[in-house]
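**Q** Take this structure first; my questions come after.
The values are calculated or read from the model by the stated rules, or taken from the named source; none is laboratory data. What you are looking at is a predicted structure, and each value in this text was computed from that prediction instead of being measured. Reconstructed Cβ throughout: ideal geometry from the backbone, glycine too, with neighbour counts over all protein chains shown. Areas reflect the complete protein model, heavy atoms only, side chains present, ligands, DNA and RNA absent. Shrake-Rupley method; radii C 1.70, N 1.55, O 1.52, S 1.80 Å.
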Amino acid sequence: MIQAKQDLLAALGEAIQELSPGAELAAAFESPKQASHGDLACTAAMQLARPLKKNPRELAQALIEALQRRAAFQQWVEALEIAGPGFINIRLKAAAKQAVVAEVLGAGAGFGAQPANGQHVMVEFVSANPTGPLHLGHARQAALGDSICSLFATQGWDVTREFYYNDAGVQIATLAHSTQCRLKGLKPGDAGWPESAYNGEYIQDIADDFLARKTVKADDREFTASGDIEDLDSIRQFAVAYLRHEQDLDLQAFGLKFDNYFLESSLYQTGAVEATVVKLLASGKTFEEGGALWLRTTDYGDDKDRVMRKSDGTYTYFLPDVAYHIDKFQRGYTKCINVQGTDHHGTIARVRGGLQAADVGIPQGFPDYVLHKMVLVMRGGEEVKLSKRAGSYVTMRDLIDWTSRDAVRFFLTSRKADTEFTFDIDLALKQNDENPVFYVQYAHARICSIIRNWVAAGGDESQFGGADLSLLTAPTEAALMLKLADYPRMLSGAAEGLAPHDVAFYLRDLAGAFHSYYAAERVLDQAPELTRSRAALLAATRQVLRNALAVLGVSAPEVMSRETLENS
């Protein structure tokens, strides 16, 4: 059906040009909301009506006549109908729908993917300073960012996952001082414990290992503790390495590996920050006020001008942010995506404004942003707020330990990033259809079971190529095949829209189409040819479920057990 769609789109493009030469209207099909309205829908007549000053239904009739003259529509289309103000509903021949089974089985893990396009994209996400365990916001960023990376990979992009953090500054100084206080025997609640100190038990763990003069190794650094409780620099470096290692363990538990770690401090060491100041001064967009150096970011759409250098001579976070994104661009990444919390919304205009003022050839709108809202964790109908490990918040590792990596990844990509999400621990642990990740994974496991039974009875998966797909005529089979055929379009749309939740929605719909089919039709114990054809359809469904789950970083189990729903 993928080939059929491509043929039909090409024919539609030709017909549009026949009716309106030079029209800048892309040929496109939509999926009707109701199956009774056909298999595909076209709105081209309504879109052409205004510029051509013609009645949309009359245009629709003319478009149908133009389409019917084309070989692709003669080969693949059963009927064309006008509906409403000018919709064209398209009913495909059975062969067009059945073809998708062979297409999926032929492409395998590559079904839906596009060839390499020679383009590079960097996705920066998580980017947590090493001051404590990764929290729920980092978990949502990890799920969203990694899935966006996978989506772009399916579309032929060369993808780089980058983690940006600071190993100096106020937060790191607080980390070092908190650890030193623990080393001196103080703890939260004591009279001498600083109000700004970090209270989590992990600080005591760092102090214990520092005294033991241990060596810690993270993905991007290694350090051996001096054991000297007065050596604040050694404490700082050890604490940073310790927490980077802990974050690495969090990321490993999540199944995530970054290609590059970038230190904010390197921007100062290489002179990138000073070079950025020079560029901004040369732009003529800076001014001094109150002893501080400002940039007129309001000239670029910001709501107010921003301080670059404070009156004490230190730089604000804004300046290294601009320097960092110049560095990204100069490394060859003309497409960059930042996944951050909505509390970073104010940085968008100022960073983009700074990049335009720097005048280094960066296009407007660079970089792209995906902003996510907070995650609320519920258990037993009550909010879970605290973690002994972190002291004041629930961590990524808590969530994985309480449920599973698969549940965390699927749940945190199952809603649009800009909506708040409630993570229900009890729901994530259910082994029945109420749990959305179980519902999808169980569809895959059930198909594996059916095919295993078919093979045990003498079936041969290597013979799917000879299956008579024309036997697949049941309504639920047609619905399932249409859903399989929609996978490549969904993938490209999700990548373009930076919308991994589309993949989660699709998976639930595909699993639903399979479960409906399974309830309506028998696969085994039918005539041998019909059984083989239906087994081929299930194998194709299994493959697409597996492919889509992989985009979200979720496993596709082959064996699962299922609870009985209460009151079912």
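**Q** Jot down the per residue volume, in cubic angstrom and as a whole number, of the convex hull over the alpha-carbon atoms of region 370-519.
**A** 155
**Q** Between Val278 and Thr342, what is 0.36 nm times their sequence separation minus the Cα-Cα distance? Round to one decimal in nm.
**A** Difference between extended and current length: 20.0 nm.
**Q** Could you please report the charge total around Val104, scoring K, R as +1 and D, E as -1 over all other residues with beta-carbon less than 15 angstrom from its beta-carbon?
**A** The answer is +3.
**Q** Sort out for me the Cα centre separation of region 402-447 from region 489-527, rounded to whole Å.
**A** 15
**Q** With +1 on each Lys and Arg Cβ and -1 on each Asp and Glu Cβ, how big is the dipole of the chain about its Cα centre, in debye rounded to the nearest 20?
**A** 920
**Q** With every protein chain kept in place and ligands, DNA and RNA left out, what is the accessible area per residue of the chain? Probe 1.4 Å, answer in Å².
**A** So the chain comes to 44 Å² accessible per residue, rounded to a whole number.
**Q** Tell me, in nm to one decimal, what length is gained between Val307 and Leu429 on full extension, where the rule is 0.36 nm per residue of separation less the Cα-Cα distance?
**A** So the chain would gain 39.1 nm between Val307 and Leu429.
**Q** While we're looking at this one, here's another question. What FRET efficiency do you get for Ser492 and Asp158 if R0 is 22 Å and r is their Cβ-Cβ distance, rounded to the nearest 0.05?
**A** After rounding, the FRET efficiency stands at 0.80.
**Q** Under a plain spin-label model, where a point goes 7 Å from the Cα along Cα-to-Cβ, how far apart in nm are Thr224 and Lys184?
**A** 2.8
**Q** Hey, can you grab everything whose amide H is under 5 Å from the amide H of Gln119? Only 5+ residues off in sequence or another chain; H modelled, so Pro and N-termini drop out.
**A** So Gln119 has HN proximity to Asp158.
**Q** Per-residue ellipticity at 222 nm for the chain, helices alone: DSSP H runs ≥ 4 residues times -39500 (n - 2.57), over residue total, nearest 500 deg cm²/dmol?
**A** -15500 deg cm²/dmol
**Q** Would you mind counting up the charge near Lys285? Only other residues with Cβ under 12 Å from its Cβ, with Lys and Arg at +1 and Asp and Glu at -1.
**A** With Lys, Arg at +1 and Asp, Glu at -1, the net is -1.
**Q** Could you check how many percent of all C-alpha pairs in region 1-124 are farther apart than 18 Å?
**A** That tail contains 57 percent of the Cα-Cα pairs.
**Q** Pop out the carbon and sulfur fraction of the accessible area of the chain as a percent, whole number, probe 1.4 Å.
**A** 48
**Q** Output ³J(HN,Hα) for region 191-199: one whole-Hz value per residue in order, computed from phi by the Karplus curve 6.51 cos²θ - 1.76 cosθ + 1.60 with θ = phi - 60°, and x for Gly and Pro.
**A** Rounded to whole hertz, the list is 4, x, 6, x, 5, 8, 5, 7, 9.
**Q** Across bins of 10 angstrom width beginning at 0, how are the C-alpha pair distances of the chain distributed, in whole percent?
**A** 3, 14, 20, 22, 18, 12, 7, 3, 0
**Q** Using the Cβ atoms and a cut-off under 13 Å, what net charge is assigned to the surroundings of Val159, where Lys and Arg are +1 and Asp and Glu are -1?
**A** Local net charge: -2.
**Q** Simple spin-label model, 7 Å along Cα-to-Cβ: Thr174 to Glu201 in nm?
**A** Distance between the two pseudo-spin positions: 2.2 nm.
**Q** In degrees between 0 and 90, to the nearest 10, how far off the longest principal axis of the chain does helix 202-211 point, with axes built from Cα atoms?
**A** Between helix and principal axis, roughly 50 degrees.
**Q** Students often get this wrong: which residues of region 311-354 have the backbone nitrogen under 20 Å from the point 7 angstrom along Cα-to-C-beta of Ser266?
**A** Inside the label zone: 317-339.
**Q** Let me ask something else about it. State, to one decimal in nm, how far the label point of Asp418 lies from the label point of Gln74, with both points 7 Å from Cα in the Cβ direction.
**A** Those two pseudo-labels are separated by 4.8 nm.
**Q** Would you pull out the residues with amide H under 5 Å of Leu376's amide H, same chain only if 5 or more places away, H placed 1.01 Å from N?
**A** Phe421, Thr422, Phe423
**Q** Now for a different question. Defining a contact as two alpha carbons under 8 Å apart and six or more residues distant in sequence, what relative contact order in percent does the chain show?
**A** Answer for the chain is 15 percent.
**Q** Enumerate the amide H contacts of Gln114 below 5 Å, restricted to partners 5 or more residues apart or on another chain; note that Pro and chain-start residues carry no placed amide H.
**A** It is Gln155, Gly156, by chain and number.
**Q** In addition: Using DSSP, restrict attention to beta bridges with both residues in the chain and report what percent are antiparallel, rounded to the nearest 5.
**A** Antiparallel bridges make up about 50 percent of those DSSP assigns within the chain.
**Q** Computed FRET efficiency, Cβ-Cβ of Ala23 and Glu81, R0 22 Å: what is it to the nearest 0.05?
**A** 0.45
**Q** Working from Cα positions, state the angle (0 to 90°, nearest 10) between the long axis of helix 2-19 and the longest principal axis of the chain.
**A** With rounding to tens, the tilt is 80 degrees.
**Q** What Kirkwood radius, in Å to one decimal, follows from the Cα pairs of region 120-264?
**A** One decimal place: 16.1 Å for the Kirkwood radius.
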